[in-house]
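Let me begin by presenting the structure, written as structure tokens, before commenting on it.
The values are calculated or read from the model by the stated rules, or taken from the named source; none is laboratory data. Here the structure is a predicted model, which means the values were calculated and not measured. Note that we place each Cβ from the backbone using ideal geometry, even for glycine, and neighbour counts take in every protein chain shown. We work out accessible area using only protein heavy atoms, side chains counted, and drop any ligands, DNA or RNA first. Shrake-Rupley method; radii C 1.70, N 1.55, O 1.52, S 1.80 Å.
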There are 2 protein chains.
Amino acid sequence: MLTERQILVLVVIIDEFIQTAQPIGSRAIAKKAEITFSPATIRNEMADLEELGYIEKTHTSSGRVPSEKGYRFYVDHLMSPFRLSKQDMLTIQQTFQKEMIEFELLVQKSARVLSDITNYTSIILGPEVFETTLKQIQIISLSDHTAVAILVTSTGHVEHRHFNVPPTMQTSDLEKLINILNDRLVGVPIVQLQQKLYGEVSQLLQRYSSDFQTTYSFLKDALLDKQPVKLYMDGKTNIMLQPEFNDIHKIQSLYTVMEKEDKMANILRTSGKGIKVSIGQENELDEMQDCSLITATYTLGGEKQLGTIALLGPTRMEYSKVVTLLNILSQRLTDTFHSWR
Amino acid sequence: MLTERQILVLVVIIDEFIQTAQPIGSRAIAKKAEITFSPATIRNEMADLEELGYIEKTHTSSGRVPSEKGYRFYVDHLMSPFRLSKQDMLTIQQTFQKEMIEFELLVQKSARVLSDITNYTSIILGPEVFETTLKQIQIISLSDHTAVAILVTSTGHVEHRHFNVPPTMQTSDLEKLINILNDRLVGVPIVQLQQKLYGEVSQLLQRYSSDFQTTYSFLKDALLDKQPVKLYMDGKTNIMLQPEFNDIHKIQSLYTVMEKEDKMANILRTSGKGIKVSIGQENELDEMQDCSLITATYTLGGEKQLGTIALLGPTRMEYSKVVTLLNILSQRLTDTFHSWR
DNA sequence: ATTTAGCACTCAAGATCCCAGAGTGCTAAC
DNA sequence: GTTAGCACTCTGGGATCTTGAGTGCTAAAT
């Protein structure tokens with residue numbers, strides 16, 4: 001489709017634009033070491049590239065700028081592997097070398113590393129609860145009418161939920177309840193909790209509890225209420241450093257949408273396996289049409305998808321660096337989770 | 001010091017500027033219903049007010065703008081009590097009327113209400129642990145070398161901490177340990193935990209645990225590591241709506257400092273009892289010199305200070321409304337916490 | 001048949017100037 | 001003490017000009 005020389009020109013334009021954020025002219029291209037032909041020739045090639053939709057002009061007599069199609073082609077076919085600096089590699093090493101036992105902390109640190117190295121905004125979707133089972137339930141009464149239920153999963157995740165204790169319920173009832181629950185629910189995968197609760201446990205409860213209805217309803221509330229998938233972000237202010245975001249309104253709308261955690265989580269969750277790049281208009285959210293979002297998944301032993309890590313930046317993004325970095329980090333996370341089993 | 005008429009003019013200028021963010025001229029002031037004298041007279045008064053430092057010009061022939069000294073005087077002496085709209089009062093009602101059992105949720109909702117009603121950024125410092133005692137400790141082992149410790153306080157706050165179990169430690173040791181801890185530490189005020197741990201408990205442990213040193217060190221890590229005071233913010237993007245923040249760099253530096261939770265928490269924590277207003281340069285952080293921060297404390301039964309709620313906006317802030325609102329909300333929080341005991 | 005030099009043309013961005021409007025300070029009259 | 005009148009000042013927006021970077025096209029060179 002494209003000639004070798006056209007590709008060469010395209011790569012120079014994209015690489016240069018990613019660095020400078022300025023339109024590139026034929027003269028500037030000709031000065032590059034790898035270019036052996038004259039500005040006039042380059043102008044001809046650029047005219048072709050523009051006709052094919054890979055580059056654009058910002059006005060009739062300006063230099064050229066990559067189009068989204070151009071970036072897409074670059075990402076799919078032209079990107080050269082990026083070599084991270086020694087310093088960056090070291091930072092990653094250090095993040096993962098420490099004996100780390102809490103995934104929450106690990107994920108937070110990963111987010112920090114991503115945003116620090118790239119100067120973009122990092123977003124991480126915490127591990128899903130597939131495969132995790134219930135380790136223990138504990139109910140601790142705080143007063144005569146309130147108590148807190150604590151769930152611990154096999155991965156060490158702790159959830160707690162406060163609830164009102166029905167006035168008819170005695171302390172002894174609570175203890176019975178805990179016993180029943182632990183008896184029946186420990187070892188059950190989290191995703192099956194609801195089903196179990198509806199099934200055998202509800203029957204058992206009916207026998208023991210004086211008023212089954214209230215007990216059952218508060219249990220449901222306490223155990224199944226919100227989903228525990230968490231979203232971690234870091235480097236939110238980095239976006240403001242990018243020259244294409246010197247417009248307050250762009251920033252404002254972008255920040256507003258970033259605060260909607262459920263929306264963001266959903267985007268990451270449905271991003272599919274491996275590395276995915278969404279450039280500009282390819283993003284489903286209108287507010288992100290000047291951005292690119294690159295996502296990578298981390299898994300459990302290479303199979304079950306656990307969560308997603310992502311970087312959000314302008315469409316003029318250092319794709320090569322970001323993809324390399326996300327590859328490394330997602331692999332690290334995968335390894336770490338694997339080693340924890 | 002100031003004549004009645006000067007004060008009248010000052011109030012009109014401040015009230016008007018707070019609404020419009022535009023400098024106010026003598027003609028505009030004269031048009032106000034409460035003004036019975038001519039623009040020329042007003043100009044004379046304004047010249048005096050400027051000389052005294054209460055108002056400023058943006059350039060030689062512009063209208064006047066309140067100075068920080070002007071705001072300070074307004075806040076200290078001139079503010080008229082604000083009547084919240086029915087709608088706003090209703091919103092507050094609804095937030096607090098629901099049977100609410102988790103303070104975390106309550107505080108989050110309060111933050112939301114504050115930012116929604118004012119269009120400023122709300123910041124809330126969660127309740128300190130004064131007075132709260134340890135309700136229960138639970139240790140749940142996850143694998144043969146990791147476990148999670150769960151602390152529940154009398155207020156229902158749940159903390160968990162993961163740690164490595166020393167390889168020499170058996171499951172039976174862990175159980176003994178839990179018993180000892182619960183025996184000795186339940187009911188102890190959180191602030192005294194460390195002391196107790198150093199004292200009697202350490203002696204007991206020495207008797208039971210085969211290797212006291214490791215046990216003791218991981219315990220200390222698990223129980224006393226980070227302070228559990230949390231910071232809740234809402235409406236961060238609101239600041240961008242203010243015309244004085246149309247400069248990316250201002251926003252950038254402000255956001256960057258807002259992300260430093262420890263700094264922010266510290267400012268709120270040391271803000272002192274009752275309502276405090278910090279105007280512009282009065283703020284200790286350079287990044288907040290174009291802002292005003294208004295803080296209010298909530299207490300336990302009117303005595304012990306529990307936490308702080310605050311609103312951050314431009315110096316051109318609706319002081320009257322904000323002060324009224326913070327008064328109401330802090331009182332509500334105080335009442336609610338009181339009723340929970 | 002490519003490639004390149006040359007040249008006319010275009011456009012953005014910055015500088016300069018102009019003008020209207022809003023507002024002030026001062027003076028003199030009320 | 002208050003107000004009307006007036007000259008003066010400064011901002012902001014628009015119009016105009018200039019410069020420089022860059023293009024597209026044509027014709028010559030390879």
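Tabulated data
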read-out	value
Residue check for A:Ile124: more than 16 Å from DNA strand C (Cβ to nearest atom), within 21 Å of the chain's Cα centre (by Cα) and of a type in the set (Val, Ile, Thr)	yes
Qualifying positions in the stretch B:83-108 - open to solvent by 20 Å² or more (accessible area, probe 1.4 Å) and within 14 Å of chain A (Cβ to nearest Cβ)	B:Lys98, B:Glu99, B:Met100, B:Ile101, B:Glu102, B:Phe103, B:Glu104, B:Leu105, B:Gln108
Selected residue [of a type in the set (A, V, I, L, M, F, W, C) and within 22 Å of A:Leu241 (Cα to Cα)] from A:Leu333, A:Leu312	A:Leu312
Some residue of the stretch A:28-37 being touching a Lys or Arg at 6+ places or on another chain (Cβ under 7 Å) and touching a residue at least 24 places away in the same chain (Cβ under 8 Å)	no
B:Met240 being modelled with pLDDT of 80 or more, assigned to a helix (DSSP H, G or I) and hydrophobic (A, V, I, L, M, F, W, C)	yes
Residue within the stretch A:224-232 that is among the hydroxyl-bearing types (Ser, Thr, Tyr) and either modelled with pLDDT under 75 or more than 30 Å from A:Ile139 (Cα to Cα) (or both) present	no
Residue within the stretch B:59-68 that is more than 25 Å from B:Lys321 (Cβ to Cβ), within 12 Å of DNA strand D (Cβ to nearest atom) and of a type outside the set (Ser, Thr, Tyr) present	yes
Checking B:Tyr198 against (1) more than 13 Å from chain A (Cβ to nearest Cβ); (2) modelled with pLDDT under 85; (3) surrounded by 15 or more Cβ atoms within 10 Å (Cβ to Cβ), the condition it does not meet	(3)
Output for the stretch B:40-53, where each listed residue is open to solvent by less than 50 Å² (accessible area, probe 1.4 Å) and either more than 7 Å from DNA strand D (Cβ to nearest atom) or within 14 Å of another protein chain (Cβ to nearest Cβ) (or both)	B:Ile42, B:Glu45, B:Met46, B:Ala47, B:Leu49, B:Gly53
Index of the failed condition, A:Asn119 passing every other in (1) away from chain B (no Cβ under 14 Å); (2) more than 16 Å from DNA strand D (Cβ to nearest atom)	(1)
Positions within the stretch B:60-82 being within 16 Å of DNA strand C (Cβ to nearest atom) and either open to solvent by 80 Å² or more (accessible area, probe 1.4 Å) or touching a residue at least 40 places away in the same chain (Cβ under 8 Å) (or both), in sequence order	B:Thr60, B:Ser61, B:Gly63, B:Arg64, B:Val65, B:Pro66, B:Gly70
Filtered residue count, the stretch A:258-277, keeping only those that are more than 10 Å from chain B (Cβ to nearest Cβ) and either outside any loop (DSSP other than H, G, I, E, B) or at positive phi (or both)	13
Scope the stretch B:278-337; condition in a loop (DSSP other than H, G, I, E, B) and of a type in the set (A, V, I, L, M); matching residues	B:Leu285, B:Met317
Residue in the stretch B:207-221 that is modelled with pLDDT under 75, basic (Lys, Arg) and under 25 Å from B:Gly307 (Cβ atoms) present	no
Cβ pairs under 9 Å, 6+ apart, first in the stretch B:260-283 and under 17 Å from B:Asn327 (Cα atoms) and open to solvent by 20 Å² or more (accessible area, probe 1.4 Å), second assigned to a helix (DSSP H, G or I) and acidic (Asp, Glu)	B:Val277/B:Asp76
Top-ranked residue of the stretch B:134-179 - restricted to ones that are surrounded by 17 or more Cβ atoms within 10 Å (Cβ to Cβ) and among the basic types (Lys, Arg), ranked as farthest from B:Phe337 (Cα to Cα)	B:Arg161
Conditions (1) within 27 Å of B:Gln94 (Cα to Cα); (2) in contact with a Gly (Cβ under 9 Å, 6 or more places away or on another chain); (3) crowded, with 22+ Cβ neighbours inside 10 Å; number of the one not met by B:Cys291	(1)
Sole residue being more than 10 Å from DNA strand D (Cβ to nearest atom), farther than 17 Å from B:Glu68 by Cα and out of contact with any strand residue (DSSP E or B) (no Cβ under 7 Å at 6 or more places or on another chain), chosen from B:Leu2, B:Leu8	B:Leu8
Condition check for A:Glu16: within 14 Å of DNA strand D (Cβ to nearest atom), within 22 Å of A:Asn119 (Cα to Cα) and open to solvent by less than 60 Å² (accessible area, probe 1.4 Å)	yes
The stretch B:37-59, subset assigned to a loop (DSSP other than H, G, I, E, B) and of a type in the set (Gly, Ala, Ser), residue farthest from DNA strand C (Cβ to nearest atom)	B:Gly53
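Conditions (1) charged (D, E, K, R); (2) more than 8 Å from every other protein chain (Cβ to nearest Cβ), marked per residue:
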position	(1), (2)
A:Pro127	no, yes
A:Thr132	no, yes
A:Asp144	yes, yes
A:Val152	no, no
A:His160	no, no
A:Met169	no, yes
A:Ser172	no, yes
A:Glu175	yes, yes
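Residue-by-condition table, conditions (1) over 21 Å from the mean Cα position of the chain (by Cα); (2) closer than 30 Å to B:Val11 by Cα:
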| position | (1), (2) |
| --- | --- |
| B:Ile92 | no, yes |
| B:Thr118 | no, yes |
| B:Glu128 | no, no |
| B:Lys135 | yes, no |
| B:Leu142 | yes, no |
| B:Ala147 | yes, no |
| B:Thr153 | yes, no |
| B:Glu159 | yes, no |
| B:His162 | yes, no |
